[in-house]
Amino acid sequence: MRFSLLCQNTGKHRVSDDVPRQTVNSLTFKMQNPGMLTVDKISLLAESWLAGLPDEIVKEAAACASLRTFEDGDLIHARGDACDGFYTIARGLVRFTRATADGHTTTIAVFEASNWFGELSIFDGMPRTHDGHAIGPTILLFHAKTDFMRLLTRHPIIYERFARMLSLRLRATFDLVEEAAVAPLSQRLARRLLELAQIEPSALNGVTLPRGKEVTLTQEELGHLLGKSRQSIAKQLRLWEQGGLIKTNYGRVFIEHPDDLTKIAYPERFGSTAAQKTRLNVSLGSTLSGRYVIGSTK
């Protein structure tokens, strides 16, 4: 079995073949920043894309997977690369971006531990759709394409799992197309902020967190994400801050009341009266309670 280990002097990868596949399900890696990180492959898969499946399937998947380490900013794969396999995030974060025609880089999504990526290119045989870079020291569990396809052949229930997940993403993508055509900027920006904080699921990431999370995106990146200028994004954020809905400080956006932001993002859930009341409260500068965090650099 080939395990990718970090070379201390270069930050690159070296591969070791001296660890038997059958005996290793948990490995410890030393990365350039201090500390040791232990990865239990079975536990990771059991709480990720194999959650709820029989133990023997999870163990088999763990046995044919290797670990790859990356430092901050390392390229995992580039748009247009041929598919080499499937990744599950064990530690760290992965940012997915795409360069625009004018040379700007748009952030599509940021994934954290237990999320996975790479299945689209395996299933359709097409090249990678986005650039993927590590954010901070990152460890990925890697299944080579041949091993991944062998798992699917031996256990068709995994096919069913991915069919459902991809269907959910396709539905969410249809919603994005409709949203881009008819929704105002305030609604679209509110949705992206809630998704980036993982308070709401997105087309690329179905994982949600009860208390939300911090995401680092500049206002320019938010603008590229929505097809709007940085100035338009900044203007909308200022309006929400004046109304007490959010706070911006030291390159972060603090969502003071996610329930009210959700009413702006998804007015159909609450009816027109609730949505109008929320907009009125924000315009009057009401002070709202609770705090959720999204990183955004002014």
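Any chance region 279-287 includes a residue that's open to solvent by less than 60 Å² (accessible area, probe 1.4 Å), modelled with pLDDT under 85 and not in a helix (DSSP H, G or I)?
Yes, because at least one residue in region 279-287 is open to solvent by less than 60 Å² (accessible area, probe 1.4 Å), modelled with pLDDT under 85 and not in a helix (DSSP H, G or I).
For residues that are assigned to a loop (DSSP other than H, G, I, E, B) and over 16 Å from LEU185 (Cα atoms), scanning just region 214-244, find the one that is modelled with the lowest pLDDT. Quick ask: steps written out before the conclusion?
At the first step, the residues of region 214-244 found to be assigned to a loop (DSSP other than H, G, I, E, B) are 214-215, 227-229, 243-244.
Those still in the list that are over 16 Å from LEU185 (Cα atoms) too: 214-215, 243-244.
Values: GLU214: 59, VAL215: 49, GLY243: 90, GLY244: 88.
Of everything passing the filter in region 214-244, VAL215 is modelled with the lowest pLDDT.
I'm trying to understand the selection: among the residues of region 176-208, which are assigned to a loop (DSSP other than H, G, I, E, B), modelled with pLDDT of 75 or more and open to solvent by 40 Å² or more (accessible area, probe 1.4 Å)?
Initial filter on region 176-208 (assigned to a loop (DSSP other than H, G, I, E, B)): 183-184, 197-208.
Now narrow it down to the ones that are modelled with pLDDT of 75 or more: 183-184, 197.
Answer for region 176-208, where residues must be assigned to a loop (DSSP other than H, G, I, E, B), modelled with pLDDT of 75 or more and open to solvent by 40 Å² or more (accessible area, probe 1.4 Å): just PRO184.
State the number of residues belonging to region 45-79 that are within 18 Å of GLY136 (Cβ to Cβ), in contact (Cβ under 8 Å) with a residue 60 or more places away in the chain and of a type outside the set (Phe, Trp, Tyr).
8
I'd like the full set of residues that are crowded, with 16+ Cβ neighbours inside 10 Å and not polar (S, T, N, Q), limited to region 43-58.
Going through region 43-58, the residues crowded, with 16+ Cβ neighbours inside 10 Å turn out to be 44-46, 48-50, 53, 57-58.
LEU44, LEU45, ALA46, TRP49, LEU50, LEU53, ILE57, VAL58, listed by residue number.
Search region 104-151 for residues being of a type in the set (Phe, Trp, Tyr), out of contact with any Gly (no Cβ under 6 Å at 6 or more places or on another chain) and in a strand (DSSP E or B), and hand back the single one that is farthest from TRP49 (Cα to Cα).
For region 104-151, the residue satisfying everything is PHE111.
Do we find that THR97 is part of a strand (DSSP E or B), of a type in the set (S, T, N, Q) and in contact with a Phe, Trp or Tyr (Cβ under 8 Å, 6 or more places away or on another chain) in this structure? Reasoning before the result, please.
Details: part of a strand (DSSP E or B): yes; of a type in the set (S, T, N, Q): yes; in contact with a Phe, Trp or Tyr (Cβ under 8 Å, 6 or more places away or on another chain): no.
When the stated conditions are applied, THR97 does not pass them.
Among the residues of region 87-118, count how many are over 19 Å from THR138 (Cβ atoms) and either touching an Asp or Glu at 6+ places or on another chain (Cβ under 8 Å) or not hydrophobic (A, V, I, L, M, F, W, C) (or both). Quick ask: steps written out before the conclusion?
As a first pass, look at region 87-118 and keep what is over 19 Å from THR138 (Cβ atoms): 98-104, 106.
Within this subset, residues satisfying the condition of being either touching an Asp or Glu at 6+ places or on another chain (Cβ under 8 Å) or not hydrophobic (A, V, I, L, M, F, W, C) (or both) are 98-100, 102-104, 106.
Count: 7.
Here is a list of conditions, (1) of a type in the set (A, V, I, L, M); (2) at pLDDT 95 or above; (3) touching a Ser or Thr at 6+ places or on another chain (Cβ under 8 Å), and ALA109 meets all of them except one; can you say which number that is?
(2)
Out of region 245-261, which residues are over 13 Å from LEU189 (Cβ atoms) and either within 23 Å of the chain's Cα centre (by Cα) or among the aromatic types (Phe, Trp, Tyr) (or both)? It would help to see each step written out before you state the result.
Taking region 245-261 as the starting set, the residues that turn out to be over 13 Å from LEU189 (Cβ atoms) are 247-252, 254, 256-260.
If the condition is that a residue be over 13 Å from LEU189 (Cβ atoms) and either within 23 Å of the chain's Cα centre (by Cα) or among the aromatic types (Phe, Trp, Tyr) (or both), then THR248, TYR250, GLY251, ARG252, PHE254, GLU256, HIS257, PRO258, ASP259 are the ones that fit.
Scan region 233-246 residue by residue and report those that are in contact (Cβ under 8 Å) with a residue 12 or more places away in the chain and open to solvent by 40 Å² or more (accessible area, probe 1.4 Å).
Of the residues in region 233-246, the ones in contact (Cβ under 8 Å) with a residue 12 or more places away in the chain are 233-234, 236-237, 239-240, 242-246.
Result: LEU239, GLN242.
Taking the condition more than 20 Å from SER43 (Cα to Cα) and either free of Cβ contacts under 8 Å to residues at least 12 places away in the same chain or surrounded by fewer than 21 Cβ atoms within 10 Å (Cβ to Cβ) (or both), does ALA82 pass? Quick ask: steps written out before the conclusion?
On the way: more than 20 Å from SER43 (Cα to Cα): yes; either free of Cβ contacts under 8 Å to residues at least 12 places away in the same chain or surrounded by fewer than 21 Cβ atoms within 10 Å (Cβ to Cβ) (or both): yes.
When the stated conditions are applied, ALA82 passes them.
Residue under question is LEU168, and the condition is that it be farther than 19 Å from GLY80 by Cα and either of a type in the set (A, V, I, L, M) or surrounded by fewer than 15 Cβ atoms within 10 Å (Cβ to Cβ) (or both); does it hold?
Judged against the criteria, LEU168 is a match.
Of the numbered conditions (1) open to solvent by 50 Å² or more (accessible area, probe 1.4 Å); (2) modelled with pLDDT under 95; (3) closer than 27 Å to TYR159 by Cα, ARG68 satisfies every one except a single condition; which is it?
(2)
Name the residues in region 102-153 that are of a type outside the set (A, V, I, L, M, F, W, C), open to solvent by less than 20 Å² (accessible area, probe 1.4 Å) and more than 15 Å from the chain's Cα centre (by Cα), would you?
Our first condition is that a residue be of a type outside the set (A, V, I, L, M, F, W, C); within region 102-153, this holds for 102-107, 112, 114-115, 118-119, 121, 124-125, 127-133, 136-138, 143, 145-147, 150, 153.
From the residues that got through so far, the ones that are open to solvent by less than 20 Å² (accessible area, probe 1.4 Å) too are 106-107, 115, 118-119, 121, 128, 132, 136, 138, 143.
Residues satisfying the conditions are SER121, ARG128, HIS143.
The values are calculated or read from the model by the stated rules, or taken from the named source; none is laboratory data. Quantities reported herein were computed from a predicted structural model and do not represent experimental measurements. Note that each Cβ is placed from the backbone with ideal geometry, even for glycine, and that neighbours are counted across all protein chains shown. The accessibility values were calculated without ligands, DNA or RNA, using every heavy atom of the protein model including side chains. Shrake-Rupley method; radii C 1.70, N 1.55, O 1.52, S 1.80 Å.
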